[in-house]
1. Among C94, T106, N75, which residue has its Cα furthest toward the positive end of the charge dipole of the range 68-109, with +1 on Lys/Arg Cβ and -1 on Asp/Glu Cβ?
2. Could you give P(r) for the range 57-124, binned at 10 Å from zero, as whole percent values over all Cα-Cα pairs?
3. With the convex hull built on the Cα atoms of the range 1-62, state its orientation-averaged projected area in nm².
4. Could you calculate the FRET efficiency of E104 with A12 from 1/(1 + (r/R0)^6), where r is the beta carbon distance between them and R0 is 30 Å, rounded to 0.05?
5. Explain nothing, just compute: Karplus ³J(HN,Hα) = 6.51 cos²θ - 1.76 cosθ + 1.60, θ = phi - 60°, for every residue of the range 43-51 in order, whole Hz, x for Gly and Pro.
6. For the chain, with only Lys/Arg (+1) and Asp/Glu (-1) charged at the beta-carbon, what is the dipole magnitude about the Cα centre, in debye rounded to 20?
7. Once you have all Cα-Cα distances for the chain, histogram them in 5 Å bins from zero and send the whole-percent values.
8. Just read off the accessible area of H113 with the full protein assembly in place, 1.4 Å probe, to the nearest 10 Å².
Amino acid sequence: QLQASGGGLVQAGDSLRLSCAASGRTFSRNSVGWFRQAPGKEREFVAIKFRSSNNIVYADSVKDRFTMSTDNDKNTVHLQMNNLKPDDTAVYYCAMSSTVIFSERTKSRAYHHWGQGTLVTVSS
């Protein structure tokens with residue numbers, strides 16, 4: 001139901017735009033988050049757009065470099081990633097929840113629907 005795309009191999013300082021398309025559910029009725037998981041590491045929160053307020057919150061590690069946006073007409077969410085660093089290398093996942101609250105935003109268990117992930121590799 002969630003399909004992430006847009007990953008690839010880039011050099012440090014480059015940009016990528018990830019997309020997450022939904023079928024069967026609408027982003028306008030759900031909070032949508034991005035997570036990432038680097039090899040050998042736990043899944044890490046990246047950003048979330050809350051359904052109730054349209055507020056977007058970013059992890060400190062990506063703040064001022066990543067921008068999340070939504071296209072409700074296309075039921076698609078984007079993650080614009082600028083000034084990429086090798087530490088950004090990971091599989092990126094989009095996730096959706098109708099019930100996630102602010103204090104739980106970084107927890108994977110708060111999200112009920114997940115895409116399959118798209119790999120981003122940043123070389124130095």
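1. Among C94, T106, N75, the one farthest towards the positive end of the dipole of the range 68-109 is T106.
2. For the range 57-124, the binned pair fractions read 17, 47, 33, 3 percent.
3. Values: hull surface 21.5 nm².
Computing the convex hull of the Cα atoms and averaging its projections yields 5.4 nm².
4. Values: r = 33 Å, r/R0 = 1.08.
For R0 = 30 Å, the calculated efficiency reads 0.40.
5. Result, ordered by residue: 5, 10, 5, 10, 6, 8, 10, 7, 5 Hz.
6. Details: 15 positive and 10 negative charges, 70 e Å.
Its charge dipole is roughly 340 debye.
7. 2, 12, 24, 26, 20, 10, 4, 1
8. 50
The values are calculated or read from the model by the stated rules, or taken from the named source; none is laboratory data. This structure is a prediction, so every number in the text was calculated from the model and none was measured. Here Cβ is always computed from backbone atoms with ideal geometry, including for glycine, and neighbour counts include all displayed protein chains. The protein model used for the area step is the full one, side chains on, heavy atoms only, and it has no ligands, DNA or RNA in it. Shrake-Rupley method; radii C 1.70, N 1.55, O 1.52, S 1.80 Å.
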